[in-house]
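First comes the structure, then the notes that go with it.
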Ligand code: ADP
């Protein structure tokens, strides 16, 4: 049986795709269709030997998948001769129902549709991607891998919000957590790097990308995570505020007359690092920091301080911590963020080695000092590879091997 999985990540106006070798993580091709539904869009298609970038007007996700297939025909690799084994879909919200990836069928499609109120931007897009792939690859098994699934192990005291029973029981109001594919993948890779069994480790994983989340992992299971009902809660992010006083909405509605939609949009798209410094890309933030920009400095300080607070909280949650793991764009590349976020925690056995921290490398590595009792690691995330592996796990289970 082939190990090649087509991984599809359909966002609200974009579609990422890749063909991933489940056993090695190598990609035969990756691509991105952007600005779906608009009159001007683009498609980038990369193989190990070529990168092509063309205008691409796709009215729907189905057209975007069609355009991706046309790129495979034109620029390779030939999907027929690769012999795809399955299609794996990233689905953002699986609610309380999915703690595992699952084969796409009518029941799953209905469940993902029922969860649209909890993920109004993401789940409809994910559904469109699945429906397009069902039409274009009718002969292949298709699997949904949920961002929320890894966090279904949270105990009730961690996932329950202190709100009325009716909201919780009838409307699904609770912490779900997101970035689960990344946290699960990175935890496994961290155990491999340490040469230890994941089931004997307590980890704090810090996923710092455009979206940011922290997860406390005990014996391979997520026991608390910073994102909540939606991906807005927790750490400060590129454009998202993270934690604010929940009375902020009522205050702004009363004093500025803002609608709930305006407040929601502002907290999601115009807050976070962007809200404080005016830019959300961390490379630009670091350039401005170097130029002495005081807004950039404040954004950096608030961002790192919030991470440190969560590290402290999750240290208390876990009782003993074996490793703190940084991942995703900022976590993998910003030595300054890693140093500032963990500053002053030497008393807890958390000490970075400045040379190791500053070294730029693309492999998983240890950046703590020799004498530190808590290992600090940088582990590159690979959500596509994780989705490919989970997809094949479901396909093999269905085949009984
Ligand atoms: P996503 O959450 O969309 O997957 P990524 O994990 O790609 O995002 O992270 C994107 C963030 O990582 C951006 O803020 C980007 O500026 C930052 N980033 C990428 N490379 C670097 C780098 N070399 N130094 C600092 N920040 C970086």
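Any read-out appearing in this document is the output of simple, stated calculations on the displayed coordinates, not a laboratory observation. Since we're looking at a predicted model, the values are computed, not measured. So basically every Cβ, Gly included, is an ideal-geometry build from the backbone, and we count neighbours across all protein chains shown.
Here are the numbers for the structure shown:
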item	result
Packing-based ranking, highest mean first, of 384-394, 18-28, 246-256 given that Cβ atoms within 10 Å are counted	384-394, 18-28, 246-256
Computed over segment 320-401: relative contact order in percent, which uses C-alpha pairs under 8 Å that are six or more apart	32 percent
Segment 18-161: translational diffusion in µm²/s, Stokes-Einstein, Kirkwood Rh over Cα pairs, 37 °C, 0.692 mPa s	197 µm²/s
Cα long-axis angle, helix 383-399 against the chain (0 to 90 degrees, to the nearest 10)	50 degrees
Förster radius 41 Å - calculated FRET efficiency between residue 140 and residue 269 (Cβ-Cβ, nearest 0.05)	0.70
Listed peptides 311-317, 106-112 by packing density, highest first (mean Cβ within 10 Å)	311-317, 106-112
Nearest-ten-degree value, helix 61-75 long axis tilted from longest Cα axis of the chain	70 degrees
Rounded to 10°, Cα long-axis angle of helix 294-318 versus longest principal axis of the chain	90 degrees
Value of relative contact order over segment 359-401, rounded to a whole percent, pairs C-alpha under 8 Å and six or more apart	27 percent
Least to most buried among 367, 217 (fewest other Cβ within 10 Å first)	367, 217
Gain in span if fully extended, residue 173 to residue 74, counting 0.36 nm per residue against the direct Cα distance	30.9 nm
Dimensions in Å of the chain - Rg and Dmax from alpha carbons	21.3, 63
Prolate/oblate/rounded label for segment 249-380 (Cα gyration tensor, a/c 1.5)	prolate
DSSP bridge pairs, the chain: antiparallel proportion in percent, nearest 5	70 percent
Segments 297-305, 173-181, 228-236 sorted - mean Cβ within 10 Å per residue, highest first	173-181, 228-236, 297-305
Evaluated at q = 0.34 Å⁻¹: base-10 log I(q)/I(0), Debye formula over Cα of segment 69-110	-1.31
DSSP beta bridge pairing in segment 23-165, given as percent antiparallel to the nearest 5	70 percent
